[in-house]
Amino acid sequence: MGLRTGIRMGLIAAIVTIFLILIGVHMLMGRLLQSWFRVPAHWPGVWLMVVLLGMWAGSRAVGQMKARSWGNALLAGASAGIIQGALVGAALYLLASITQAGVDLRTWLNQMSKESIGALTLGFAPLPAAGFIGGVLLVSALAGAAWRERRLRVRAARLARGERMISLREHLLEIPAISQVSNNPLSRRVLIGVFMVLLLIAPFFLGQYWNYNLGTVGIYVILGLGLNIVVGMAGLLDLGYVAFFAVGAYTMALLTAPQPHHIQMSFWLALPIGIVLAAVAGILLGIPVLRMRGDYLAIVTLGFGEIIRILSKSDVLTGFTGGPRGVRNVGHPVLFGKDIGNEFYFFYFILIGVILAIIITRRLEHSRVGRAWRAMREDEKVSQAMGIYTLKYKLMAFAMGAALAGLSGAIFASRNSFTGPEDFVLLVSINVLALVIVGGMGSIPGVILGAFVLKGLPEMLRELEDYRVLVFGALLVVMMIVRPQGLWPASRVQLERPRPELAEEVEAPAELAEGEVGS
Amino acid sequence: MALLEVHNIHTYYDHIHALKGISFELDRGEIVALIGANGAGKTTTLNTISGIRHPREGSIIFDGQPIHHLPAHEIVQLGIAQVPEGRKIFSRLTVMENLDMGAFTRRDRAAIQEDLERVFKLFPRLKERRNQLGGTLSGGEQQMLAIARALMARPRVLLLDEPSMGLAPILVESIFQTITEISQQGMTILLVEQNANMALSVAHRAYVLETGRIVLYGPAAEVRENPQVRAAYLGEA
């Protein structure tokens, strides 16, 4: 048993490892570690990747075994490691000897530079280098196998003792300090207070660059909370959400900028107008699509988003919208005669917007409206039969979501002093939807966390340059497989995942352990 | 005067003529059964009354007021509640939340609390499971929940669509017992059923529907004795 899963996993891991080496991911890891932890050389990152891949192979091989014994685990780990090591070693031998012969592999494989291969051979001749990487993989696979076997045993023992398996969240709650804080409203409030104070003083220490980026995260939090109302609470899949963001931004821009209209209204006046116009746009979009659901609704809203963008850049409307070149010199907020239009003040301004959005969402969630949305999301026909005027509540969802998008759009345009059609591409809608899903649909802390991960993390991955998006995409894929319910799911969703002791058919312990394989 | 009068209604699905002139009435406190085969128009009739569909011709008068042009949510407010076919509870809401949704159009909190107690008395199982998600209930419990949810609207007429669907015979029996009990408390009930035998045993009067038309009606006992009905719906030669 162990042999078979070991061979299979060894093969898979070998292919993955060779592929990652060929596209140069080991060098990326090296550079990332170098810049994050100020490591002097890039080899620690390179070899960390190799070791992790080896451990992954061993651990997966053990996780897939049906019969549990230390002998089997050893066999699985060893066979996975030997196969992975031999294949990767052979590949390295080939690459290294070709390079040594003076052939530049970069003609075919863009990333296969001398340094890239040198980071793996460490200057040895091809044969000893191949042996070395093979050995490292074998040892790592054995270590991974042992680690996994032990973990599975601990779990099985726990189940045998009648204890149920606990999630990370419950693990954390077992720590007395944490459980006390989460159970005691006062200390909870103190914690939130401390967090707020930290947020309030943060801009003094962070500097321009991070103030700006945190502001961007905040803008996306507002957008996420708005879309969460439409998608998460009311269950209407809206792929053209960026349209309302655009309405807010353009309202702010056209009303406050010197060109093209000479209105130059105050920021404070333009802001509520932008919010109201966005809400109106939400209702206008809502009316024709009221009878649509699911995929149809998604396609129509997608079209609507594109229409708004194309209108904004069309030549016909250049005199009105500024056309493809956008609107420059958008007005800044002025308070007591002082221009507060830099990223430092905007940080606070956006923070207020975020808090406002959180309060609105929370109130809606527990209101009559929130209940109507929940029921509609479940079953529209039956909701009607319950006496819910679904048209009205759908329009309300669109309007509320659009108003928040309008708010963030208006702030966005003013902060950048500029807005143009390229700010409102489809990718923005998709990003916002992704952050809602990654964070956990319907969950306020989830949306905030999602915005940090989706807008903050790419900034942290800057080192990777072109690979940023690739690595980021891979992270998203992994995350959705490992944690489909989102990073911080709504408590309602947690209710839906039955715990073993609640489920009527308790599965066999071995299979339960299997259920956790993804981690 | 009858509580609910249906006069010659014609309902279409695009160009499919589903109801071809149906007329019947419900008196206060009655159980009226509407029986017929698949596709006869039973569910369409209920949906037309509750406003989910609208008739192209004909009228529906509820307590002296025409309602056939009203939207569904207003009809619920007037006092007609529907228990949809196939139960259709909100499976990802808890039992309590489901019941809450039933009382969505009402604002009289004290009375809602009263009705909740009443419903829990009728279905003690639901009280035990009030914090469980609807989808985790058994089929019979889901049917109880669907009926309880409709009762939470404090309706004057209850439209029941195939309460026996997909339930074990023993559960069907207990559901019909409850229906009788609700009726004895004064509720007017329109019962749509394929299980003609069960429906005719609790109903006062019955109408037989065939491809969008009423082909037979009368007191339930009489309909039950009709040789055609016996052959077609009761499985007797």
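Give me B:225, B:162, B:210 sorted ascending by neighbouring Cβ count inside 10 Å, so fewest comes first. Intermediate results must be reported in sequence, preceding the final value.
Numbers: B:225 12, B:162 22, B:210 15.
Ascending Cβ contact count within 10 Å gives the list B:225, B:210, B:162.
Tell me the trypsin sites (Lys or Arg not before Pro) within the stretch A:37-98 that lie in a loop according to DSSP and have at most 15 other beta-carbon atoms within 10 Å. Intermediate values should be presented prior to the final figure.
Values: sites: A:38, A:60, A:66, A:68; in loops: A:38, A:66, A:68.
Loop-located and lightly packed - A:38, A:66.
Along the Cα→Cβ direction, 7 angstrom out, place labels at residue A:184 and residue A:355. What is the inter-label distance in nm?
So the label points at residue A:184 and residue A:355 sit 2.5 nm apart.
Okay, helix-only estimate at 222 nm for the protein assembly as shown: each DSSP H run of n ≥ 4 adds -39500 (n - 2.57), divide by all residues, round to 500 deg cm²/dmol; what do you get? Intermediate results must be reported in sequence, preceding the final value.
Working: 33 runs with 462 residues, N = 756.
Here the helix-only value at 222 nm equals -19500 deg cm²/dmol.
Starting from 0.36 nm per residue, how many nanometres of slack lie between residue A:320 and residue A:195 once their C-alpha separation is accounted for?
Values: separation 125, 0.36 × 125 = 45.00 nm, distance 4.42 nm.
The span from residue A:320 to residue A:195 would gain 40.6 nm if fully extended.
So if I take the centroid of the Cα atoms in the stretch A:108-158 and the same for the stretch A:44-60, what is the distance between those two points in Å?
Comparing the Cα centres of the stretch A:108-158 and the stretch A:44-60, I get a distance of 5 Å.
How high is the relative contact order of chain B, in percent, with contacts defined as C-alpha pairs under 8 Å that are six or more residues apart? Intermediate results must be reported in sequence, preceding the final value.
Values: 465 pairs, mean separation 65.4, N = 237.
Here the relative contact order equals 28 percent.
Enumerate the whole-percent occupancy of each 10 Å bin, from 0 to the last occupied one, for all C-alpha pair distances of chain B.
With 10 Å bins starting at 0, P(r) equals 8, 33, 37, 19, 3, 0.
For the stretch A:181-332, what Kirkwood radius comes out of the mean inverse Cα-Cα distance, in Å? All intermediate terms of the calculation are to be shown ahead of the outcome.
Working: mean 1/r = 0.0552 Å⁻¹.
Over the stretch A:181-332, the inverse of the mean reciprocal pair distance is 18.1 Å.
When only C-alpha pairs under 8 Å and at least 6 residues apart count, what is the relative contact order of the stretch B:89-154, in percent? Walk me through the intermediate numbers first.
Working: 77 pairs, mean separation 37.2, N = 66.
Rounded, it is 56 percent for the stretch B:89-154.
Quote to one decimal, in nm, the extra length available between residue A:67 and residue A:482 on full extension: 0.36 nm per residue of separation minus the C-alpha distance between them.
Details: separation 415, 0.36 × 415 = 149.40 nm, distance 2.42 nm.
Between residue A:67 and residue A:482, full extension yields 147.0 nm more.
Using a simple charge model, +1 on the beta-carbon of Lys and Arg, -1 on the beta-carbon of Asp and Glu, nothing else, what dipole does chain A show about its Cα centre, in debye to the nearest 20? Could the numbers behind the result be given before it?
Numbers: 44 positive and 30 negative charges, 163 e Å.
That gives a dipole near 780 debye.
Defining a contact as two alpha carbons under 8 Å apart and six or more residues distant in sequence, what relative contact order in percent does chain A show? Numbers along the way, then the final one.
On the way: 822 pairs, mean separation 87.5, N = 519.
Answer for chain A is 17 percent.
Given the C-alpha centroids of the stretch B:94-134 and the stretch A:352-378, what is the distance between them in whole angstrom?
Cα centroid of the stretch B:94-134 versus Cα centroid of the stretch A:352-378: 23 Å apart.
To one decimal place, what Kirkwood hydrodynamic radius in Å is obtained for the protein assembly as shown from all pairs of distinct Cα atoms? Display every interim value, and only then the final one.
Values: mean 1/r = 0.0323 Å⁻¹.
Radius from the Kirkwood sum: 30.9 Å.
Whole angstrom only: what separates the Cα centroid of the stretch A:234-262 from the Cα centroid of the stretch A:1-34?
46 Å
Note down the nm distance, to one decimal, between modelled labels 7 Å out along Cα→Cβ at residue A:283 and at residue A:52.
Simple spin-label model gives 5.1 nm for this pair.
Throughout, read-outs are computed from the coordinates displayed, never taken from laboratory work. Since the structure is predicted, the reported quantities are computational estimates derived from the model, not experimental observations. Glycine also receives a Cβ, built like all others from the backbone with ideal geometry; neighbour counts cover every protein chain displayed.
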